[in-house]
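Worksheet for the structure shown next.
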Amino acid sequence: MSETFTSPQFDQATRDAVSNDDVTVIIGLEVHVQLDTESKLFCGCSTEFGAPPNTQTCAVCTGMPGSLPVINERALQLSIKTGLALNCEIARYTKWDRKNYFYPDLPKGYQISQFDKPICGQGYLDITAPKGEFEPRRVELERAHLEEDAGKSMHDESQRGGNSKIDLNRTGTPLLEIVTKPDMRSPAEARAFLTELKLILTYIGVSDCNMQHGNLRCDGNVNLHIKVGGEKIATPIVEIKNMNSFRAAERALGYEAGRQLKLWKQNGKTIADAPKQTRGWNDADQVTTPQREKEESADYRYFPDPDLIAVTIEESEIESIKKEIGRLPAQWRELLIKEHGLKPYDAGVMVGQGAEVVEYFLVVAQGCGNSKMASNWVGQEVLRFLNESGEAIDAYPVSADQMTELLTKVNAGELDQTRAKEVLQEMIDSKIEVQAAMDKLGIKAVDNSEIESLCRQLIDENPDVIQQIKDGNGKAVGALIGKSRKLNPNANPGLVKDTILKMIGA
Amino acid sequence: MDLSTLSAAELVKRLSSGELTAESCTESFLERIKDRDSSLNSFVSTAESAISAAQAIDERRSTGQAVGALAGLPVAVKDGICTAGIATTAGSRMLEKFVPAFDATMVKQLLSADAVVIGKTNMDEFAMGSSTENSFFGVTKNPWSDQHVPGGSSGGSAACVAADLAPVSIGSDTGGSIRQPAAFCGITGLKPTYGRVSRFGLIAFASSLDQIGPMARSAEDCGLVMNVISGHDSNDSTSAKNDVPDFTQTLNDSLKGLRIGICKEHFGEGLDSEIESAVNESVKVLESLGAETVEISLPHTPYAVATYYVIAPCEASSNLARFDGVRYTHRAATAKDLTEMYCQSRAEGFGEEVKKRIMLGTYALSSGYYDAYYLKASKVRRMIKHDYDSAFEKVDLILGPTTPTTAFKIGEHTQNALAMYLADIYTVSANLAGVPAISIPCGLTSAGMPVGLQLQARSFDEASLLRVAHQFQLQTDWHTRRPNA
Ligand SMILES: [Zn+2]
């Protein structure tokens, strides 16, 4: 689906303060991405979503006594691939650390994570606003580290003391946690970052980023820098959790900025006066609310996991993964703009649909020899179909080759746009190829003598219109085109028009 | 026929020739356990499945099918090692009702060699202790004196072999837990190189130090077991890929030209004079066999115990976090909420020594203390490793006493943790450095308590330890002395 950018979700006071440059909103993001491995990070259990609770578990991921973890090499490769796509330094030496805390969905009492030697070091991601809501910005990345997921707790909400339930299917699935620097200045920028990040991750095939399945999760850190006199005062940092969609993230960050401004006006508390607080986004009420601080004050007592050995990554391995990456979204956009003449906005929309749509477009553009036409048809006809049906491009009934054949006929003047769209509809409805659809619609080539006799008939039967044309009303010819369509729908309207004008000497 | 005093090698020979059936062999040891272990308490449980397993081996052998290298040999396994379908308690109330769903890799290896697991031996809770007094299932007695401890943490494994209740047993050694009880009980115990034997299925105490190894009456018997349990395991990331030699093949190679370093730091203050003279006598025996001896130094030895008692509790505090009352562990009946469930379950399920070490480790890893404790200890550990590397440039083996004293009395050190911890003073360094080490009987004190001689070797050179031990045992009879003789 195409991501449309809404204006920053600020209240009036915040919007004014920001536009007066009195307040700067500071946003950093932490994104957890589930890597698309078949098995979990440290055991052979499946990572498939949706299995009955506790059916995808083993001694290792349930932390049974005596069990030991063994690293999934695929997860390392996908992490390196992600790091390369995000311009990160890839660690030559990376290791595993235990993050210790108690929780029922954490069966070992610690999470295997990476503390001081993450697999991906500093990197960056450039974001732009297709509709110009903000200036292009480079968001720097602090790091990206690999860790195992915890399980899922389902608490009894009835307050009647029912037992909590735990599903450990998700326990041990590989997560890459990508941490940005506090480089974003508006919720729109944060959303653009998330959108571009997701696009990159899906283009390089490291994650399906399905937010409904929890395969992409996002927390935001936000505070304000407020100008007071000549000084800049920072408000306490708030971490927002539970932002379940990009839209929710944008709204939550916007809401939180407004809340902090209001609060600062009331109590004047700065970052020095309050520790980092955790709040959750309540999508129903569109507010952030304080979260139970179950881990916030905890000391995780990180130390190197003695059950795992450190990993050394060879230059050659990095090089070979580099070769698998292919063009990234930004490079595709550039190619579409520079070599196919697309407008930046259209290129953005096309690339935003995913690599398969872009590839479809390229086949059609090259095949029919008219990028502009291909862009219009793919951008409008194809994308409309996909949006309406909710299907992916591989489910689109017309192959790129068939689309090419259709547009080649348009390009050669054998079909006009209107007729071509009818043909396309017939191809989709009847699941048939171009020629079959044309036959079914009775479309066949009309030769010059037929055109001439058609035009003669139109001239003879419509003296009034002809007089109007001769009097200088060129638009009047349109009425004849309409009649022509009824007499012979296969006659090319452009050709009919030209012939009539020639015959009456206008 | 009294099988109990026969060596494992001899039992395997008789089983193989058909002179002895696995069933009668197993029965005979189970009978002996029934008769004698009620006072000794070396076993937490005996395996009901042992007889039928033995029968199946006999059946296979009698129908001409292939059987494994240890076919029919009874083996006792420390209760901190997982055995599928057999309760595995690690000496703790916490795991009183825990029955693993899988066998430890090393148990699998024993079973595929057709050894018969006859029972699970008592141990200090979660292997934390040097006396087997810290078991939820009661104290194990030293077969040489019921007033004395058998050592620990593999006290049950040592005592059952010393009392002839099992020909061989399996222990685990984190800071001396195989060698120290072997010394106290007058048997032979080998801690292999870290990574030589898979840890998969060993309930972890301190993962970077834990190593499983054999305990038996002779080096030869240890070699037989080592042949079966050594080797790479893809389920254990820290398992070594090094080739495994046939440890019984080189037992009779000459000791001529072998260079043995006498570690001067192991002969200092606190060493019992009777132990010192027994060790000195042993040196003479080895010299008579052609070995050269030279004094060497492991200069960081004085810091080893302190280093060990930072690193081991740190790892333990995390390893034991999974025992939280949520699933298979002891859960307090009265807890009203999650925090209470954690606190009460752990307060009830763990014994005092375990709680003490969890607290030590938790403290040492805490923010603000990590650098001063864990990080510093890790640095000292590297220096200790380096001591060994330097020493092994000059010598092939390092020799010294296994323990500063013989077995102490039950209750003697329970109020004095430091005295208890010093029982590990000569053994912890091998764990910190990862090198293999063996303890063999080398004398009896005037009070009639056994004395252990420790030999340490380069990583993956267990073969030299077993060879020297075997040659020593060909010249001496300390390893054949029995407590009740
Ligand atoms: Zn698993």
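The values are calculated or read from the model by the stated rules, or taken from the named source; none is laboratory data. Since we're looking at a predicted model, the values are computed, not measured. Cβ: placed from backbone, ideal geometry, glycine included. Neighbour counts: every protein chain shown. These area figures cover heavy atoms from the full protein model, side chains too; ligands, DNA and RNA do not enter into them. Shrake-Rupley method; radii C 1.70, N 1.55, O 1.52, S 1.80 Å.
Evaluate the charge dipole of segment A:1-141 about its Cα centre and quote only its size in Debye, nearest 20, assuming +1 on the Cβ of each Lys and Arg and -1 on the Cβ of each Asp and Glu. Intermediate values should be presented prior to the final figure.
Working: 13 positive and 18 negative charges, 158 e Å.
The dipole of segment A:1-141 has a size of about 760 debye.
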Inset, instruction - Mind running the shape call on segment B:332-409? Use the C-alpha gyration tensor, a ≥ b ≥ c as the square roots of the eigenvalues: rounded below 1.5 for a/c, prolate if a/b tops b/c, oblate otherwise. - result: oblate
Legend entry - Heavy atoms of A:Ile469: accessible area, 1.4 Å probe, square angstrom to 10: 10 Å²
Inset, instruction - Name the residues whose placed amide hydrogens come within less than 5 Å of the amide hydrogen of B:Ser218, ignoring near sequence neighbours (fewer than 5 apart) on the same chain. - result: B:Thr188
Inset, instruction - Just read off the accessible area of A:Val18 with the full protein assembly in place, 1.4 Å probe, to the nearest 10 Å². - result: 50 Å²
Legend entry - Length-normalised contact order for chain A - Cα pairs under 8 Å, 6+ apart - percent: 15 percent
Legend entry - ³J(HN,Hα), Karplus 6.51/-1.76/1.60, whole Hz, each residue of segment A:186-193, x for Gly, Pro: 7, x, 5, 5, 4, 5, 5, 4
Legend entry - Gain upon complete extension [B:Lys394, B:Asp146; 0.36 nm per residue less C-alpha separation]: 85.0 nm
Inset, instruction - Quote to one decimal, in nm, the extra length available between B:Arg60 and B:Ala347 on full extension: 0.36 nm per residue of separation minus the C-alpha distance between them. - result: 98.4 nm
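Report the A-B buried area as the accessible area lost on both sides summed, probe 1.4 Å, in Å² to the nearest 100. Intermediate values should be presented prior to the final figure.
On the way: alone 25110 and 18190 Å², together 40630 Å².
Buried: approximately 2700 Å² between B and A.
How much of the DSSP beta bridge set in segment B:1-142 is antiparallel, as a percent to the nearest 5?
Numbers: 4 of 9 bridges.
Around 45 percent antiparallel, to the nearest 5.
Placing +1 at every Lys and Arg Cβ and -1 at every Asp and Glu Cβ, with all other atoms neutral, what dipole size does chain A have around its Cα centre, in debye to the nearest 20?
Details: 59 positive and 75 negative charges, 194 e Å.
So the magnitude is around 940 debye.
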Inset, instruction - Find how much the distance from B:Gln415 to B:Glu276 grows on full extension, using 0.36 nm per residue of separation minus their present alpha carbon separation; answer in nm with one decimal. - result: 47.4 nm
Inset, instruction - Compare the peptides A:308-320, A:67-79 by average per-residue count of other Cβ atoms within 10 angstrom and give them in order, highest first. - result: A:67-79, A:308-320
Inset, instruction - Summarise the partner chain shielding of A:304-313 as one whole number: the mean count of Cβ atoms from other chains within 10 Å of each residue's Cβ. - result: 4
Inset, instruction - Would you mind getting me the FRET efficiency between A:Asp464 and A:Arg247? Use the beta-carbon distance for r and R0 = 60 Å, nearest 0.05. - result: 0.55
Inset, instruction - Name the long-range amide H neighbours of A:Phe303: under 5 Å, sequence gap of 5 or more, or other chain; modelled H, no Pro or chain starts. - result: A:Arg98
Inset, instruction - Extending each Cα 7 Å along its Cβ direction at B:Lys264 and B:Thr339, get the distance between those two points in nm, one decimal. - result: 5.7 nm
Inset, instruction - Determine which lysines satisfy two conditions relative to B:Lys256: a Cα distance under 17 Å, and not lying fewer than 8 residues away in the same chain. - result: B:Lys284, B:Lys394
Inset, instruction - Treating the angle as unsigned and between 0 and 90°, give the value, to the nearest 10°, between the Cα long axis of helix A:246-267 and the longest Cα principal axis of chain A. - result: 50 degrees
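Under the rule of -39500 (n - 2.57) per DSSP H run of 4 or more residues, summed and divided by the residues of chain B, what mean residue ellipticity at 222 nm is obtained, to the nearest 500 deg cm²/dmol?
Computed mean residue ellipticity for chain B: -11500 deg cm²/dmol.
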Legend entry - Surface share of carbon and sulfur [accessible, 1.4 angstrom probe, percent] for the protein assembly as shown: 49 percent
Inset, instruction - Show which lysines lie in cross-link reach of B:Lys13 when reach means a straight Cα distance below 23 angstrom and same-chain residues fewer than eight apart are skipped. - result: B:Lys108
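What does the average come to when, for each residue of peptide A:94-101, you count the partner chain Cβ atoms lying within 10 Å of its Cβ? Show your work: numbers first, answer last.
Details: counts 0, 0, 1, 0, 5, 1, 5, 1.
Whole-number average of other-chain Cβ neighbours for A:94-101 is 2.
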Legend entry - Largest to smallest accessible area among B:Lys394, A:Lys108 [probe 1.4 Å]: B:Lys394, A:Lys108
Inset, instruction - Please count, across segment A:329-440, the pairs of lysine residues with Cα atoms under 13 Å apart that sit 8 or more places apart or on different chains. - result: 4
Legend entry - From phi via Karplus (6.51, -1.76, 1.60), per-residue ³J(HN,Hα) for segment B:441-456 in Hz, x at Gly/Pro: x, 9, x, 10, 7, 4, 7, x, 9, x, 10, x, 9, 9, 10, 10
Inset, instruction - Determine the distance separating the Cα centre of segment B:107-134 from the Cα centre of segment A:419-451; give it in Å without decimals. - result: 82 Å
Legend entry - For B:Phe43, distant residues with modelled amide H under 5 Å away: B:Asn122
Inset, instruction - Provide the per-residue ³J(HN,Hα) series for segment A:474-479, in order, calculated from phi with Karplus coefficients 6.51, -1.76, 1.60 and θ = phi - 60°, each as a whole number of Hz, with x at glycine and proline positions. - result: x, 5, 4, 4, x, 4
Legend entry - In nm, spacing of pseudo-spin labels at B:Asp2 and A:Gln417 (7 Å Cα→C-beta vector): 10.8 nm
Legend entry - On Cα atoms only, tilt of A:417-430 relative to the major axis of chain A in degrees: 60 degrees
Inset, instruction - Rounded, prolate or oblate: pick one for segment A:329-440, where a ≥ b ≥ c are the square roots of the eigenvalues of its C-alpha gyration tensor, a/c under 1.5 means rounded, and failing that, prolate if a/b is larger than b/c, else oblate. - result: oblate
Inset, instruction - Pull up the DSSP beta bridges for chain B and report the antiparallel fraction as a percent, rounded to 5. - result: 65 percent
Inset, instruction - Obtain the nm distance between the two label points defined at A:Ala436 and A:Lys165 by a simple spin-label model: each point lies 7 Å from its Cα along the Cα-to-C-beta direction. - result: 4.9 nm
Inset, instruction - Just read off the accessible area of B:Glu352 with the full protein assembly in place, 1.4 Å probe, to the nearest 10 Å². - result: 130 Å²
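Per residue, how many Å² of accessible area does the protein assembly as shown show with a 1.4 Å probe?
Details: 40630 Å² over 991 residues.
Averaged over the residues of the protein assembly as shown, the accessible area is 41 Å².
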Inset, instruction - Can you tell me the FRET efficiency between B:Arg382 and A:Arg384 if r is taken as the Cβ-Cβ distance and R0 is 60 Å, rounded to the nearest 0.05? - result: 0.35
Inset, instruction - Can you figure out the FRET efficiency of A:Ile233 with A:Ser19, using R₀ = 22 Å and their beta-carbon distance, to the nearest 0.05? - result: 0.70
Inset, instruction - Could you state the angle between the C-alpha long axis of helix A:355-368 and the longest principal axis of the C-alpha atoms of chain A, as a value from 0 to 90 degrees rounded to the nearest 10? - result: 20 degrees
Legend entry - MRE, 222 nm, helices only [DSSP H, n ≥ 4, -39500 (n - 2.57), over chain A, to nearest 500]: -12000 deg cm²/dmol
